[in-house]
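Heads up: the structure comes next, in structure tokens.
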């Protein structure tokens, strides 16, 4: 039986946890099927996933994503106000540099404990994780793609990182390439983020039109056969 731990809603108290958090939707859940991290708690990333999980669990589960339409500002803004240190991992170096400059402009009092691009091998990963521990970071934000990012944040905690870790998918790259916020306000308000992303990033079309329905059917079958045990943290 596969165990899936969901977090119903984001709360600022999570910033005090020594925990790895990630986000699932009907594309990224395929990596959960293949490799089930035992210590990661998940938010539902996307309206379809949050609606589905609310129905099957009978509990209210909100849509939570690590971007500026959801909790990114809550996390980074709180970090700035509380004096917490943040470490970023992900994207290409040029994208990461541009992202960091934008974050510094947006949160001028935020302490950035460190940063590293998302292109490294297993031995380099251990070196980066050691640097994260030495940096005294309180918040780790990792964007390496589904599967890899969950493994990285778990390994960082095992290496001694004592703060809270969030995956962020393509957030670093998306914000680096955006002229303002990645999603225009009207797109966010009308819940058309998936369509807008297909327009901006055509490589995601397969994800939404093929992976989503296939994984929906797969997950539905697992739930119906009780091969997935879902717990919800309120």
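Coordinate-derived values only; no laboratory data. Given the structure is predicted, the values throughout are model-derived calculations rather than measurements. Every residue, glycine among them, receives a Cβ derived from its backbone with ideal geometry; neighbour counts consider all protein chains shown.
Things worth noting here:
- Highest GNM mean-square fluctuation among 13, 206, 59, for the chain modelled with Cα contacts below 10 Å: 13.
- Counting every other Cβ atom within 10 Å of each residue's Cβ, 89, 56 order from fewest to most as 56, 89.
- Using equal-weight Cα scatterers in the Debye expression, the normalised intensity of the chain in log10 at q = 0.07, 0.11, 0.12 Å⁻¹ is -0.21, -0.54, -0.65.
- Working note: Cα gyration tensor of the range 126-177, eigenvalues times five, square-rooted, sorted largest first, giving semi-axes of 20, 12, 9 Å.
- Annotation: average projected area of the range 1-87 is 6.4 square nanometres, based on the convex hull of Cα atoms across all directions.
- Based on alpha-carbon atoms, the Kirkwood radius and the radius of gyration of the range 48-171 give Rg/Rh equal to 1.00.
- Along each principal axis, taking the top coordinate minus the bottom one, the Cα set of the range 105-205 gives 42, 33, 19 Å in descending order.
- Length gained on full extension, residue 226 to residue 190, computed as 0.36 nm times the residue gap minus the Cα-Cα distance: 9.5 nm.
- Computed log₁₀ I(q)/I(0) - Debye formula, equal Cα scatterers, no solvent, the range 88-150, q 0.15, 0.20, 0.27 Å⁻¹: -0.47, -0.83, -1.31
- Förster radius 45 Å - calculated FRET efficiency between residue 104 and residue 1 (Cβ-Cβ, nearest 0.05): 0.50
- Computed over the alpha-carbon pairs of the range 151-200, the distance histogram in 5 Å steps reads 4, 17, 19, 18, 11, 10, 12, 8, 1 percent, short to long.
- Cβ crowding within 10 Å ranks 49, 1, 198 as 1, 198, 49, fewest other Cβ atoms first.
- Relative contact order [Cα under 8 Å, 6+ residues apart], the range 90-234, whole percent: 21 percent
- Shape category assigned to the range 27-77 from the gyration tensor of Cα positions, a/c cut at 1.5: oblate
- Cα-projected label distance for residue 209 with residue 56, points at 7 Å along beta-carbon direction, nm: 2.6 nm
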